[in-house]
Each structure stands twice: as structure tokens, then as C-alpha cells.
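Since every read-out is calculated from the coordinates, none of them should be taken as a lab result. Keep in mind it's a predicted model, so treat the numbers as computed, not measured. Here Cβ is always computed from backbone atoms with ideal geometry, including for glycine, and neighbour counts include all displayed protein chains.
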Amino acid sequence: MNTAKPIPQHVAIIMDGNGRWAKRQGKERTEGHIAGVETIRRTLRAAAKQGVKYLTFYAFSTENWGRPEAEVNALMELLCKSIICETPALKEQGARVRIIGERSRFSEKVQHYLTQIEQDTAEGERITMVLALNYSSRDELRRAMQSIANKVKEGTLAVESIDEKLISDHLDTAFMPDPDLVIRTSGEQRLSNFLMWQASYAEFYFPEVLWPDFSEEDFAEALEVYTARDRRFGKVK
Ligand code: IPE
Ligand code: IPE
Ligand code: MG
């Protein structure tokens, strides 16, 4: 009998609670985001150690542009800085970075760094770290639909061949399997426009802990909860 516990192949995380964490400490919201980068680092290591192959982080939603300009600017700076600082360690641990989301809205500088980190880590085979940036599920579906409609218009795609796989293949996430487990920290229980198509059969886990405090033990706990779940996919056991 195989007693090995199933490890989720793909874990997707909605990192939430940076602002509340900072507020509790009497700090600026930005300090919470800075602390959150450290959590990304430690969670990636924990996931790689556990054998997770894809780890997706929801880092900036299409709606997050609506935050105060100073916070948005600070997040962009933090993104560039983190890419510079983290790239050597990512390469060293065999992590490959992929970006999902629509990039053209970012400044040229940010776009440059995004391309750079994808290129620099392209050889990584141990784990794929996916960053969702200027991402939302509805925007991703909009772009996929435009692309499919264009192919139909050009005559390279028949309407009858639009099936679920073809739609999945036109999403930003086409290179990876659907998430098995979605974690959202800070106690909020919503998707906030994240991987709505892909998470159709994901398991959900909503720990109360704020993202900067999310520990390796919290991650292990999430995997344990996942392992105890009964995934039926609409069928009868
Ligand atoms: C998540 O933390 C980080 C981003 C959305 C960039 P928040 O900034 O949303 O933290 P809260 O929800 O205000 O505590
Ligand atoms: C979701 O968090 C987006 C990211 C984690 C990047 P938000 O804090 O922006 O979501 P809402 O506003 O609480 O739904
Ligand atoms: Mg939030």
C-alpha cells in the first residue's frame, strides 16, 4: 500500500495582511510589504523542500492600481529591488520565475526587470515560482477571449474547436497545472479576482495569520489540511 501523503503539485497564495501587520506595529503600510518579501523567501524554500513544483504568489492585482500613488510606487520599487537582491539565491536553489498578468501597464524599468528575472532563472528545475503581477482573472479571460476571437476572425481557428483545453491554453497559466491548493492569509475568505478559472477544483485554506507572520510551520499546516481533504471532483468514491 502506498502510504505517501499527497503533496499538492501547485500551491497558489493570496498574500494578504501586510497593511494590517504594519498598522499593528505602528508602522507605514510599506513596511508591511517589505516584511512580506521575507515571507515569500521563506515560503518558497519551505515549498521546495516539501516537493511542491509550482508556487504562485498573488503580488499585485489589476485593482491594486487604485491604492494611493505613494504605496503603488513603493511596491514597484520593492519589486525591482527584490528582483536584484533575490536572483542569485533563486538560481542557486533551482527556482525558475515566471510572471503572469499583463505587463504593458508597468514602467519600462519594471518590465525590464521582469524579463531579466525570467531569463536569469530559466534553467531552474526544482520549483517554479510564479508571480501574479497586474493580474486579475477577469482581465486574463478578457485577453484570452480577444486572442481566440482574433484567430477565428483570421480563419486559423474553427469555432467548434473551442473547448476547455483551448481556453486554458490561452490563459497566462498555460504552462502549468491548475492549483491544487489556494491559501489566503489574514482571515479574508474571498478570491479577489485570482485564478477563477484555474481554481475550479482547488482546495481552499484561510489561516488567520497575517502574511508577514506566515511561517514555515503555517505552510506545513496548510499542506496537512490539504492532505486530510477528500477531493472527489464531482464523482463518488
Ligand atoms: C497584501 O497586503 C499585499 C498586496 C495586496 C500588495 P495588503 O496591503 O492588502 O494588506 P491589508 O489587507 O491592507 O492588511
Ligand atoms: C488581493 O488582496 C490582491 C493581492 C494579494 C495582490 P487585496 O487586499 O488587494 O484584496 P481585497 O481588496 O481585500 O479584496
Ligand atoms: Mg489586503
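Conditions tested, residue by residue: (1) away from ligand 3 (no atom under 11 Å from the Cβ); (2) over 26 Å from Arg126 (Cβ atoms).
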site	(1), (2)
Gly17	no, yes
Ala22	yes, yes
Lys27	yes, yes
Thr30	yes, yes
Leu44	yes, no
Leu55	yes, no
Trp65	yes, yes
Glu71	yes, yes
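For the stretch 118-237, the strands (runs of 3 or more DSSP E) that sit wholly inside it and include 3 or more residues that are surrounded by 19 or more Cβ atoms within 10 Å (Cβ to Cβ) and under 16 Å from the mean Cα position of the chain (by Cα) are 127-135, 181-184. If the condition is being of a type outside the set (Gly, Ala, Ser), farther than 15 Å from Leu210 by Cα and either crowded, with 16+ Cβ neighbours inside 10 Å or within 16 Å of ligand 3 (Cβ to nearest atom) (or both), then the stretch 1-15 contributes Ile7, Pro8, His10, Val11.
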